[in-house]
Amino acid sequence: MSLGAPLGLLALLAVPVVLVLHLFRRRLPVRRVAGLFLWAPEGLAARAGRKRSRLLRTASLALELLAAIAAALWLAGLQLGIPDAGRHLVLVLDDSASMQARHEDGQRAVELARRAARTAVDALSRDASVTVIRTGARPTVVLGPGALRGSAAQSIAEWEPGAVQHDFGPALDLAVELAGAAGDVLFLTDAPLGERAPPRVTVRAFGVARANVAILTARRAATSTGDERLLLDVQLHAPTDRVAPTQARAVLRAAGDPFAPLVAELALDPARPARLALDAPRSDAVWDVTIEAAGDALDVDDRAVLLPDPMRVVTFASALDAELTARLELERVARALDGVVLVGDVAAAQVCFVTAAGDVGPGRHQVVVAPVGAGEHDAWIGPFLIERRHPLGAGLTLDGVVWTAGRGEVSGAAIALAGRQVLLAEERDASGGLRLRVNLDPARSNLTSSPDWPILLDNLARRVRELAPGPGAVNVAVGDALGWRPAGAADAPAELELVDPVGRVLPARGTTLAAWEADQVGVYALRTRAGVELGRFGVSFRDPAESDLAACASGEQAAAEPPTAPDGGDERFGRRGSGERRGLALLLLALLAADWWVLREQRRR
């Protein structure tokens, strides 16, 4: 048994109302007299008001109470039997950014899909249930499971897709599971799935293959003159049978108008990206870069938001003897790397070069340069095995390097190996700092004079910046993580909140690192719960696969396996609970008629 509209039970308030009316009902005694003139005038006047009397268990009282209960159950939509015996529609909404692409007439695919969703929901009976799911790397159930049909309108109206490309499989599998054997699954997207569609799913596509101009990469960098430079790559995605634009304009604006908008023309070619280097005055303002092209179908990938990268200096210091320090060429490397400074005070440096591992204190890191073991050393000339997925291994080749290393075990995660011998490894010390172990004899190796040595130390400086308190990357793409490493209790994750470009306040996730997921293009502001702003993030949309609209198309693909009729239900679905409501309506009429007949007989007597 279930109730389709539980608020209808408020009609049960009629039960105490009936009881009160019967308690205060006036009951005048019957006196048979020859004429009213025998009564004094004051005896003929009725006393004003009503008095509480003894409740009489009459047939009229019982019928009226039963009628009030029947009316409440009718309004509440009483349903007997299996609750899911009626129709259940599961709507799956494609949350990909390509759903925002416009047709030639200016309508967006998402607008057509919203209209189809409302039509599908309006076609259901009043007693049907609806579930709404949005696709994504993690599917989201935004309504339901099994919510009332009337509540689906808001979920459909709030649907504004903007995610990067992802697999639809998890969302469709979840929809089929929630629909059960008798439910319908409707997937609204911008391209038919073909054989990839599950047999229980009906697919309606509203896409169109059109030319689209998208920003591939956007970066702001400092120049040698003290100004800044915008480095931009723009790609034209053009189906062969569609007219494509050949020219585009790049417009650079700075928030707060620190300088006038800068405009540059770009020649578009589907075969290769158009590249632009545009110089601008140095400022701390947010840069807003937009691409303008005639016939461009998608807007979300035409904008890049760039914040100035905070310059976080990493300090190196050497605790080695003078000869070994000179062999490592730390002064030359520090001059070549941006944001790296060699200092003389070992206690004040963030990274300390030593020959033996030790405790350097919290928030500090060390590079241990020494061959392992006390036995023989081996000289290696390659080939070397490099773990390029590790941040410290990025960009390393070790071509032409002669590496003399000791024989023995090297603790930590291996980064570079010669055969089975570990040459580079990373581990964490007791305080959580990095410890880079370099199994190397500098006097018999040429690593420190090769290009790989500054690359390795630059990778180390990047790792140190990532572990330093404050934000991670401040310029990220939609779908990436926004992170903040707290320095203390004042900016702990529990005390932080993020305000996205549309004004939503998002609480932080995590315990040691505050993290959020970027899902909107624009500027995010990080602040404490007390309202103190700590930093900002710039989020842009960069997904070439989603910007390419060549595979988009319109059409409908019916489910290969239609749903089965629910046990004991109507074959047409959608008439769930109608028999119970008709029965309650007839019972209510019968009770009212019986009460009228009882009262009529009492008056006749």
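The values are calculated or read from the model by the stated rules, or taken from the named source; none is laboratory data. This structure is a prediction, so every number in the text was calculated from the model and none was measured. Note that we place each Cβ from the backbone using ideal geometry, even for glycine, and neighbour counts take in every protein chain shown.
Can we say Gly470 is surrounded by fewer than 19 Cβ atoms within 10 Å (Cβ to Cβ) and touching a residue at least 60 places away in the same chain (Cβ under 8 Å)? The answer is yes for Gly470.
Just wondering, is there one or more residues in region 414-426 that are out of contact with any strand residue (DSSP E or B) (no Cβ under 7 Å at 6 or more places or on another chain) and closer than 20 Å to Arg388 by Cα? Scanning region 414-426 turns up at least one residue that is out of contact with any strand residue (DSSP E or B) (no Cβ under 7 Å at 6 or more places or on another chain) and closer than 20 Å to Arg388 by Cα. Here Arg229 does not fit the description of being surrounded by 14 or more Cβ atoms within 10 Å (Cβ to Cβ), touching a residue at least 60 places away in the same chain (Cβ under 8 Å), more than 20 Å from Phe541 (Cβ to Cβ) and not hydroxyl-bearing (Ser, Thr, Tyr). Apart from one condition, Val346 fits all of (1) crowded, with 19+ Cβ neighbours inside 10 Å; (2) touching a Cys at 6+ places or on another chain (Cβ under 6 Å); the exception is (1).
Kindly establish whether Ala123 is farther than 26 Å from Gln520 by Cα, at pLDDT below 95 and surrounded by fewer than 22 Cβ atoms within 10 Å (Cβ to Cβ). Judged against the criteria, Ala123 is a match. Leu417 passes every criterion in (1) part of a strand (DSSP E or B); (2) out of contact with any Lys or Arg (no Cβ under 9 Å at 6 or more places or on another chain); (3) crowded, with 21+ Cβ neighbours inside 10 Å apart from (3). Is there a residue being among the polar types (S, T, N, Q), modelled with pLDDT of 65 or more and in contact with a helix residue (DSSP H, G or I) (Cβ under 9 Å, 6 or more places away or on another chain) anywhere in region 75-87? Yes, region 75-87 has at least one match.
Condition check ((1) at pLDDT below 90; (2) polar (S, T, N, Q); (3) over 27 Å from Val474 (Cα atoms)) across all residues:
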residue: Thr528; (1), (2), (3): no, yes, no
residue: Leu534; (1), (2), (3): no, no, no
residue: Gly538; (1), (2), (3): no, no, no
residue: Asp543; (1), (2), (3): no, no, no
residue: Ser547; (1), (2), (3): no, yes, no
residue: Ser554; (1), (2), (3): no, yes, yes
residue: Ala560; (1), (2), (3): yes, no, yes
residue: Thr564; (1), (2), (3): yes, yes, yes
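The test for being over 23 Å from Ala255 (Cβ atoms), touching an Asp or Glu at 6+ places or on another chain (Cβ under 8 Å) and without any contact (Cβ under 8 Å) to a residue 40 or more places away in the chain does not hold for Pro493.
Just so you know, in region 376-413 the residues that are over 28 Å from Glu466 (Cβ atoms) and in contact with a strand residue (DSSP E or B) (Cβ under 7 Å, 6 or more places away or on another chain) include one that is surrounded by the fewest Cβ atoms within 10 Å (Cβ to Cβ), and it is Ala379. Screening the candidates Ser554, Ser540 for the property of being closer than 25 Å to Ala116 by Cβ and surrounded by 16 or more Cβ atoms within 10 Å (Cβ to Cβ) yields one hit, Ser554.
For Gly382, the requirement of being touching a Leu at 6+ places or on another chain (Cβ under 7 Å) and either farther than 30 Å from Ala518 by Cβ or not assigned by TED's automatic domain parsing to the domain that holds Val523 (or both) is met.
Scanning region 425-443 for residues that are crowded, with 23+ Cβ neighbours inside 10 Å, in contact with a helix residue (DSSP H, G or I) (Cβ under 7 Å, 6 or more places away or on another chain) and within 25 Å of Ala468 (Cβ to Cβ) yields one hit, Leu436.
Looking at Ala191, Ala152, Ala163, which is the one that is buried (at least 22 other Cβ atoms within 10 Å of the Cβ), among the small types (Gly, Ala, Ser) and over 17 Å from Arg87 (Cα atoms)? Exactly one residue qualifies, and that residue is Ala191. Filtering region 114-157 to residues that are assigned to a strand (DSSP E or B) and touching a helix residue (DSSP H, G or I) at 6+ places or on another chain (Cβ under 6 Å) leaves Val130, Thr131, Val132, Ile133, Val142, Leu143, Pro145. From Glu177, Glu160, Glu111, grab the single residue that is modelled with pLDDT of 90 or more, in a loop (DSSP other than H, G, I, E, B) and among the acidic types (Asp, Glu). Result of the check over Glu177, Glu160, Glu111: Glu160.
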